[in-house]
1. Which of the peptides 109-116, 125-132, 46-53 is most tightly packed, and how do the rest follow, going by the mean number of other Cβ atoms within 10 Å of each residue?
2. Where the accessible area of segment 96-156 is counted over protein heavy atoms with a 1.4 Å probe, how much of it, in %, is carbon and sulfur?
3. Sequence-distant or interchain residues sharing an amide H contact under 5 Å with residue 71, placed H: which?
4. Karplus couplings for segment 43-51 from phi (6.51 cos²θ - 1.76 cosθ + 1.60, θ = phi - 60°), rounded to Hz, Gly and Pro as x?
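The values are calculated or read from the model by the stated rules, or taken from the named source; none is laboratory data. The model shown is predicted, which means the values in this text are computed figures rather than measured ones. Cβ atoms come from the backbone with ideal geometry, glycine included; neighbour counts cover every protein chain shown. Quick note on the areas: whole protein, heavy atoms, side chains included, nothing else; ligands and nucleic acids left out. Shrake-Rupley method; radii C 1.70, N 1.55, O 1.52, S 1.80 Å.
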Amino acid sequence: MKRNVALLMITFFAFIALAGCATGQWGRRNLTNVSRYVNGDAASVWEAVDQALIGIRVKEKNVEKGLLITDWVSGYSTTQNMGVLLEGRWHERYRLFITVVPEQNKTYLSIGSQVEQKAPGGTRAYRWDRIPSNGLPEQMILDRVEQILSAMEQAP
């Protein structure tokens, strides 16, 4: 009888632990979008996007569907560190999802990113964990595209 109760308690706590992990980590998307209507036709917006992404490898580009996905851009985290004594730096990477949809007079431009990080040591150094984006990569590319488009409009 005691064995059955103990087995039942262990099963119950294991179920609670697994259910908590499944809903806590797997339910989030961690994808941030920055969207705006920009002046210009879709062809000029695609040209500006290509110029803005110089130096970033493109994994997939489908102009007909209006989708571009970049490869991972790697670097170090500016917000996470191990402190002065351990001198470790967290690795961080992101990739961009760019959507270009032509409208009547303008073009809808949406830039999303997926950000991941991993610790400099320990068991967490072997896996990338998704984190919410702070919006800086998306805003930076969107601002660059708008600058290129305004320069294209001013050129004779």
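1. Working: 109-116: 21.1, 125-132: 12.1, 46-53: 18.9.
Result, highest mean first: 109-116, 46-53, 125-132.
2. Working: 1770 of 3420 Å².
In segment 96-156, the share of accessible area belonging to carbon and sulfur is 52 percent.
3. Amide H to amide H, under 5 Å and 5 or more residues apart or across chains, residue 71 pairs with 57, 58, 59.
4. After applying 6.51 cos²θ - 1.76 cosθ + 1.60, I find 5, 5, 5, 4, 5, 5, 5, 4, 5 Hz.
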